[in-house]
1. Looking at region 84-105, is at least one residue in a helix (DSSP H, G or I) and under 30 Å from Gln338 (Cβ atoms)?
2. Of the residues Ala65, Ala82, Ala78, Ala41, which is within 18 Å of Val2 (Cα to Cα) and either modelled with pLDDT under 95 or aliphatic (A, V, I, L, M) (or both)?
3. Taking the conditions exactly as written (over 18 Å from Ser228 (Cα atoms) and either in the same structural domain as Glu456 (by TED's automatic domain parsing) or within 16 Å of the ligand (Cβ to nearest atom) (or both)), does Lys353 satisfy them or not?
4. I'd like the full set of residues that are closer than 27 Å to Tyr429 by Cα and not in a helix (DSSP H, G or I), limited to region 352-372.
5. Cβ-Cβ below 8 Å, separation at least six or inter-chain, first residue in region 416-437 and more than 20 Å from Met280 (Cβ to Cβ) and without any contact (Cβ under 8 Å) to a residue 40 or more places away in the chain, second in a loop (DSSP other than H, G, I, E, B) and more than 8 Å from the ligand (Cβ to nearest atom): which pairs?
6. Scan region 304-348 for residues that are of a type in the set (Ser, Thr, Tyr), assigned to a loop (DSSP other than H, G, I, E, B) and closer than 23 Å to Gly447 by Cβ and jot them down.
7. Return the residues of region 102-113 that are in contact with a Phe, Trp or Tyr (Cβ under 8 Å, 6 or more places away or on another chain) and of a type outside the set (Gly, Ala, Ser); say none if nothing qualifies.
8. Select from region 411-420 the residues that are surrounded by 21 or more Cβ atoms within 10 Å (Cβ to Cβ) and assigned to a helix (DSSP H, G or I) and list them in ascending order.
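The values are calculated or read from the model by the stated rules, or taken from the named source; none is laboratory data. Here the structure is a predicted model, which means the values were calculated and not measured. Reconstructed Cβ throughout: ideal geometry from the backbone, glycine too, with neighbour counts over all protein chains shown.
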Amino acid sequence: MVPAIRVVTMNDRPIRHDGEYVLYWMTAFRRPTWNFSLERAVEWAQELGKPLVIFEALRVGYPWASDRLHTFILQGMADHAAWFQGRPVTYVPYIEKEARQGSGLLEALAGRASVVVTDDFPCFFLPRMIQAASAKIDVLMEKVDSNGLLPFRAADRVFLRAFDFRRFLQRELSPHLLQRPEPDPLFAKKLPKPIPLDPTIAKRWPMADQRSFEDIGSLVTTLPIDHSVGVGAISGGFAQGVATMKAFIDKRLDRYADDRSEPSMEGSSGLSAYLHFGQMSVHQILAEIAEKESWSPQLIGSRRSGQRDGWWQMSPAAESFLDELITWREVGFNMCWQRDDYDQFSSLPEWAKDTLQKHAKDKRPSVYTLTQLDDADTHDALWNAAQNQIRREGRMHNYLRMLWGKKILEWSRRPEEALDAMIELNNKYGLDGRNPNSYSGIFWVLGRYDRAWGPERPIFGTIRYMSSDNTARKFDVKPYLKRYA
Ligand SMILES: Cc1cc2nc3c(=O)[nH]c(=O)nc-3n(C[C@H](O)[C@H](O)[C@H](O)COP(=O)(O)OP(=O)(O)OC[C@H]3O[C@@H](n4cnc5c(N)ncnc54)[C@H](O)[C@@H]3O)c2cc1C
């Protein structure tokens with residue numbers, strides 16, 4: 001059963017007992033497996049004896065909509081169309097062809113539903129969209145948190161340091177590890193026979209058909225979205241996400257701690273885009289690693305010191321990976337869930353704001369406009385290469401992402417301008433952008449989750465400093481430069 005701590009009632013409307021179906025509105029957890037929201041909708045369908053309708057939409061008017069983001073999502077929708085075929089549900093994929101064409105569709109579907117279940121994601125436009133929808137929906141609506149291992153509501157405060165969050169996890173996470181989502185929430189479930197979509201709704205809002213998914217490349221070129229941001233280097237969809245995860249765990253996890261920071265190696269998992277679009281679940285990743293490590297939640301260590309090593313009681317490589325995947329990923333979800341200003345300069349710690357303001361008028365060695373940054377047109381070859389990578393591929397090596405941000409701070413007229421530039425470029429080009437991790441990373445550049453570092457320097461003050469020269473001394477960056485120059 002879906003844990004109550006993950007479910008929030010969004011309105012005070014009753015269940016419509018004579019409704020035709022239970023509606024799952026899939027918005028953030030775009031996957032048919034390991035998904036508490038879908039599981040909750042299945043529970044309702046069984047309890048009320050109603051068929052299940054799964055509605056997944058792709059609109060054109062969201063910020064940074066582009067060929068790259070649309071293609072990744074559409075590849076996921078194609079997977080869903082295939083997966084749900086032959087299963088006891090009605091899958092309703094809707095692709096908006098022009099702005100606001102899809103307005104009213106959710107209300108129309110909800111108007112015939114007994115209950116509506118949707119996803120609870122704490123970032124980007126989604127919280128506002130769900131809140132606004134709940135006011136218009138005339139039937140009980142719930143949102144479900146299937147984001148991480150720790151339910152948001154299990155933490156009562158914002159954590160300003162990863163160390164404190166890790167210590168909190170070490171105290172509180174264990175019982176939640178025993179409550180994982182079902183790998184396939186439809187498996188062996190008896191649900192009433194699926195029903196076709198109401199013809200008046202189907203006529204006004206035609207559903208995507210098989211042909212739309214057969215030639216996604218042609219479809220996206222017809223949509224009013226940003227065509228200058230081309231398709232990324234990896235394909236979307238939960239099936240590809242699972243394949244990427246398995247390849248990483250089988251072949252690269254053992255060397256993760258050593259290889260992750262080497263710019264010329266693909267040492268990390270490459271999972272962030274799948275995680276961002278909800279095409280991959282952290283519960284599934286943990287289950288896969290647990291199998292490889294012969295681990296079970298009962299083995300978790302009793303140490304509660306906040307230290308990284310030795311808590312999971314797994315190999316050092318697995319512990320190092322899980323620290324990124326769980327501690328670092330979920331501390332950002334905690335921030336976005338608790339603070340509406342998670343993307344504003346004002347949310348930085350006081351010491352960071354003070355030191356940045358003190359040095360805001362310092363002379364910059366070089367100043368670049370957003371267009372110059374976007375075009376990778378700076379004097380710094382390593383920075384340009386990193387920017388080229390994200391522009392072309394939709395991803396950037398983690399270590400260089402830190403350097404990339406630090407240089408934008410150094411080359412912007414003011415720290416607030418640096419923040420705007422980082423948000424714009426990261427969210428426009430990164431397949432994994434627009435995510436709580438985006439704001440963790442960008443704000444880390446400006447001092448979030450970090451401490452003051454000496455010596456005090458121009459522009460940075462006591463914010464941690466990084467330089468391309470040091471990076472080039474530390475790592476062999478030549479192959480990376482060759483590839484992305
Ligand atoms: C300026 C800047 C911007 C960033 N923007 C994003 C972003 O838009 N989206 C994004 O997912 N990550 C972002 N990060 C964090 C990190 O760079 C990426 O998560 C990582 O590079 C993704 O590659 P991977 O999936 O192979 O990571 P792996 O090393 O394989 O890690 C596995 C997962 O753990 C999480 N993770 C790893 N490192 C971090 C981290 N430092 N902080 C938070 N979570 C982490 C991610 O979910 C990642 O997919 C940013 C970091 C910086 C410094």
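1. So the first thing to find is which residues in region 84-105 are in a helix (DSSP H, G or I), and the list is 84, 105.
Checking which are under 30 Å from Gln338 (Cβ atoms) leaves us with none.
Checking region 84-105: not a single residue is in a helix (DSSP H, G or I) and under 30 Å from Gln338 (Cβ atoms).
2. On the way: Ala65 fails: within 18 Å of Val2 (Cα to Cα); Ala82 fails: within 18 Å of Val2 (Cα to Cα); Ala78 fails: within 18 Å of Val2 (Cα to Cα).
None of the other options fit; the residue is Ala41.
3. Working: over 18 Å from Ser228 (Cα atoms): yes; either in the same structural domain as Glu456 (by TED's automatic domain parsing) or within 16 Å of the ligand (Cβ to nearest atom) (or both): yes.
So Lys353 fits the description; yes.
4. Correct list: Arg364, Pro365, Ser366, Val367, Tyr368, Thr369.
5. Within 8 Å, the pairs are Ala418/Ser412; Ala418/Leu446.
6. Of the residues in region 304-348, the ones of a type in the set (Ser, Thr, Tyr) are 305, 315, 320, 327, 342, 346-347.
Of the ones still in play, those that are also assigned to a loop (DSSP other than H, G, I, E, B) are 305, 315, 342.
Passing the criteria: only Tyr342.
7. Across region 102-113, the qualifying residues are Leu105, Leu106, Leu109, Arg112.
8. Of the residues in region 411-420, the ones surrounded by 21 or more Cβ atoms within 10 Å (Cβ to Cβ) are 411-412, 415, 418-419.
Matches in region 411-420: Trp411, Pro415, Ala418, Leu419.
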